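Let me begin by presenting the structure, written as structure tokens, before commenting on it.
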């Protein structure tokens, strides 16, 4: 029914890496831009928030450029597991949450990172 799309898999994985990486670069940048405000709103110590911001920023860049892609994916999955733990067990938000702030978003990002991890990000990596 559809034409063979396998030749485009490498390009689809680059797009997936770009989208996942941009999410983490933006989040890490926001953490580092105003750590006092973010640490208060998230209920995390400032030092931990700065560490997470740097990890997100560097991990996002690594995923996009394809450098140590699997290692970066593992690190970012761990960050997301921490976010899931906070939303599910501490804040007790539902899957959809209020105003779309549930933990469905984190599961989508973890799913993206699992594909990147299992494929090593595709053909266009270092």
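Tabulated data
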| item | result |
| --- | --- |
| Folded to 0 to 90 degrees: helix 69-85 orientation relative to the chain principal axis, Cα | 40 degrees |
| Likely footprinting exposure, 41, 73, 27, fewest C-beta neighbours within 10 Å first | 41, 27, 73 |
| Cα Rg over Rh - region 16-55, Kirkwood | 1.04 |
| Relative exposure of 1, 80, judged by other C-beta atoms within 10 Å (fewest first) | 1, 80 |
| Length gained when the stretch residue 118-residue 19 is fully extended (0.36 nm per residue, less Cα-Cα span) | 34.0 nm |
| Scattering profile of region 10-119 at q = 0.10, 0.13, 0.18, 0.24 Å⁻¹ [log10 I(q)/I(0), Debye over alpha-carbon scatterers] | -0.28, -0.47, -0.89, -1.33 |
| In degrees, nearest ten, helix 104-119 long axis to first principal axis of the chain (Cα) | 40 degrees |
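Readers should treat all values here as calculations from the given coordinates under stated rules, not as data from a laboratory. This structure is a prediction, so every number in the text was calculated from the model and none was measured. Neighbour counts run over all protein chains shown; Cβ positions are idealised from the backbone, glycine included.
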